[in-house]
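Derivation of every value follows stated rules applied to the coordinates shown; laboratory data play no part. Predicted model, so just to flag it, every value in this text is computed and none were measured. Cβ sites come from the backbone with ideal geometry, for glycine too, and all protein chains shown count toward neighbours.
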Amino acid sequence: AYAGVLLLFFVIFGGGLAVAMGVVEEKVSRIVEILLATVKPAHLLWGKILGVGVVQIVSTVLLAATALVTATATGLLTIPDVAYTMVGVSSVWLVLGFLFFASLYAATGAMVSRQEEINSASWPLMVAAMGALYAAIFGMQAPDSTIIRVLAWIPPFSSTVVPMRVATGDASWTEVAGSFLVMAFATGLAVWIAGRIYRRSVLLTGLRVPWKTALGRV
């Protein structure tokens, strides 16, 4: 369960940060101006997110699969039946969590003019990502506690808490389905907001757009 949560975090957080860096790089070099002459902003944004997402997810899956096969073959690890269920559930939440954070990180990249500004501009996303990680880690000590059951319904915490509760056997399928719908709605909303911020900010050079201003334009 610990390994699964950490893999989710690294794919979601690492992938999101890579998307932001890519957006800023295109903005600083003004390549984005050339690309937007022939491609719609939404298509460029989705291309960036999906491109980074595929690379991040595939590389992580290959690494995890190699470690798992090696540990199983050498007898260091025995795979319980619940692990297969967790892999299926985690895959769904991995996609939702990645899209949620990657889209908002892409918006963050469009709001700044230098790569050095990404960390300071993306601190709300870092706090949310770290909160999701620690909620799942500490939740393993008491997976059926009230606060963990509540966080399982609140995006983006649900992206790590729900797979953790499935792994510990404390999540009902009603909870999994309900929290999935809530997370899917939140992800769709995040993608929509990010798309509008990206379209209105990516061509602004030489200045940093605060979150308050960016959200005000949505």
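The dipole here belongs to the chain: it is taken about the Cα centre, uses +1 on the Cβ of Lys and Arg and -1 on the Cβ of Asp and Glu, and is about 840 debye. Recomputing Cα extents along the principal axes in Å from the coordinates shown identifies the correct label among [x] 54, 39, 27; [y] 69, 43, 36; [z] 69, 51, 39 as [x].
In terms of surrounding Cβ atoms within a 10 Å radius of their Cβ, THR168, THR108, THR38 rank from fewest to most as THR38, THR168, THR108.
Converting phi to 3J(HN,Hα) with the Karplus coefficients 6.51, -1.76 and 1.60 and the offset θ = phi - 60°, the range 132-147 yields 5, 5, 6, 4, 6, 5, 6, x, 5, 6, 8, x, 9, 6, 4, 5 Hz in sequence order, with x at every glycine or proline.
Note that the range 168-179 has calculated 3J(HN,Hα) couplings of 8, x, 9, 9, 7, 5, 5, 5, 4, 5, x, 5 Hz, one per residue in order, obtained from phi through the Karplus relation 6.51 cos²θ - 1.76 cosθ + 1.60 (θ = phi - 60°); glycine and proline are x. Ignoring aspartates and glutamates fewer than eight residues from LYS48 along the same chain, the ones with Cα atoms less than 13 angstrom from its Cα are GLU25, GLU26. With a simple spin-label model that places each label point 7 Å from the Cα along the Cα-to-Cβ direction, the separation between ILE31 and PHE180 comes to 3.7 nm. Once you reduce the range 95-141 and the range 1-51 to the center of their Cα atoms, the two points are 12 Å from each other. In this structure, TRP211 and VAL92 have a Cβ-Cβ separation that, at R0 = 30 Å, corresponds to a calculated FRET efficiency of about 0.55. Gain on full extension, evaluated as 0.36 nm per residue between GLN141 and ALA42 minus their Cα-Cα distance, stands at 31.4 nm. From helices alone, the chain scores -26000 deg cm²/dmol at 222 nm; the rule is -39500 (n - 2.57) for each run of n ≥ 4 DSSP H residues, then divide by the residue total. Per-residue Karplus couplings for the range 187-194, computed as 6.51 cos²θ - 1.76 cosθ + 1.60 with θ equal to phi - 60°, are listed in order as 5, x, 5, 4, 5, 5, 4, 4 Hz, Gly and Pro entered as x.
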